[in-house]
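Visitor: Right, I'll just put the structure down here and ask away after.
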Amino acid sequence: MKNKRPAANDYAPFYEPYVSKIESDDILSTLENTLEENLAFLKAIPAEKWDFSYADGKWTIKEILVHLLDAERIFASRAIRIARHDRTPLPGFDQDAYAPYMEANSRSIDSILEEYEAVRKSTITLYRNFNDKMWFRHGLASGTSVTTLALAYIIAGHEAHHFKVMRERYL
């Protein structure tokens, strides 16, 4: 798994903007390092900014983070099913349909930070225990072929995308 990037046919073209955000060939180290970096960044955000939205209809920082948690869990769930050779086609999910029900803005900052750390540590532990065969298995998710390796890059790239948006538009 070390020093290997997903090939273009390892994921749907829709995910290319996320995968391309990750420059490292060591995705496990990327997931580990961004956990610490992003926690430090999040803890430095003033409390009054967490409920801020830069425009009508845009998510708050709390909502962005809970969205990231939902997505990471879904992508990690796909990864474990594919790694375990589950051949069941996995459905997509509609992030916009989830948003009204996540009730992120009613949560405390600490609860979101605690969950963020727990979810990422769980993802890291999952991937750390994949053998080489598991890293490169293909499965079907959202109607397209994807590998467990690509899902790790999608998790990291999706997070990088949203953290960039937070830095540029919220802070």
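The values are calculated or read from the model by the stated rules, or taken from the named source; none is laboratory data. Note that the coordinates shown come from a computational prediction; the quantities given were computed from them, not determined experimentally. Note that we place each Cβ from the backbone using ideal geometry, even for glycine, and neighbour counts take in every protein chain shown.
Visitor: Output the number of residues of the stretch 79-115 satisfying the condition of being in contact with an Asp or Glu (Cβ under 9 Å, 6 or more places away or on another chain) and either under 16 Å from residue 35 (Cα atoms) or outside any loop (DSSP other than H, G, I, E, B) (or both).
Guide: The number of residues fulfilling the criteria is 7.
Visitor: Would you confirm whether or not the stretch 60-80 contains a residue that is among the basic types (Lys, Arg), touching a strand residue (DSSP E or B) at 6+ places or on another chain (Cβ under 7 Å) and farther than 21 Å from residue 164 by Cβ?
Guide: yes
Visitor: Quick check on this structure: which one of 8, 12 is touching a residue at least 12 places away in the same chain (Cβ under 8 Å) and small (Gly, Ala, Ser)?
Guide: Matching residue, one of 8, 12: 12.
Visitor: How about the stretch 77-123: which of its residues are more than 28 Å from residue 49 (Cβ to Cβ) and among the hydrophobic types (A, V, I, L, M, F, W, C)?
Guide: Passing the criteria: 79, 80, 82, 83, 90.
Visitor: Restricting attention to the stretch 128-150, which residues are part of a loop (DSSP other than H, G, I, E, B) and small (Gly, Ala, Ser)?
Guide: 142, 143
Visitor: Next up: Please state which of the following conditions residue 153 fails to meet, knowing it meets all the rest: (1) assigned to a helix (DSSP H, G or I); (2) touching a residue at least 40 places away in the same chain (Cβ under 8 Å); (3) surrounded by fewer than 18 Cβ atoms within 10 Å (Cβ to Cβ).
Guide: Among (1) assigned to a helix (DSSP H, G or I); (2) touching a residue at least 40 places away in the same chain (Cβ under 8 Å); (3) surrounded by fewer than 18 Cβ atoms within 10 Å (Cβ to Cβ), the lone unmet condition for residue 153 is (3).
Visitor: Considering only the stretch 1-25, state which residues are in contact with a Lys or Arg (Cβ under 9 Å, 6 or more places away or on another chain), farther than 12 Å from residue 160 by Cα and assigned to a helix (DSSP H, G or I).
Guide: none
Visitor: Now a separate question. Any idea which of 30, 60 is of a type in the set (S, T, N, Q), closer than 16 Å to residue 148 by Cα, surrounded by 12 or more Cβ atoms within 10 Å (Cβ to Cβ) and touching a Ser or Thr at 6+ places or on another chain (Cβ under 6 Å)?
Guide: 30 is the lone residue from the list that is of a type in the set (S, T, N, Q), closer than 16 Å to residue 148 by Cα, surrounded by 12 or more Cβ atoms within 10 Å (Cβ to Cβ) and touching a Ser or Thr at 6+ places or on another chain (Cβ under 6 Å).
Visitor: Which count do you get for residues in the stretch 53-64 that are under 16 Å from the mean Cα position of the chain (by Cα) and either within 15 Å of residue 154 (Cα to Cα) or basic (Lys, Arg) (or both)?
Guide: 1
Visitor: Can you tell me which residue in the stretch 26-52 is nearest to residue 156 (Cα to Cα), limited to those that are in a loop (DSSP other than H, G, I, E, B) and modelled with pLDDT of 95 or more?
Guide: Taking the candidates together, the pick is 26.
Visitor: If you don't mind, another one. Filter the stretch 121-142 down to the residues that are closer than 20 Å to residue 93 by Cα and in contact (Cβ under 8 Å) with a residue 60 or more places away in the chain, then identify the one that is surrounded by the most Cβ atoms within 10 Å (Cβ to Cβ).
Guide: 141
Visitor: In addition: Just to be sure, is residue 38 without any contact (Cβ under 8 Å) to a residue 40 or more places away in the chain, within 17 Å of the chain's Cα centre (by Cα) and either surrounded by 13 or more Cβ atoms within 10 Å (Cβ to Cβ) or within 30 Å of residue 135 (Cβ to Cβ) (or both)?
Guide: When the stated conditions are applied, residue 38 does not pass them.
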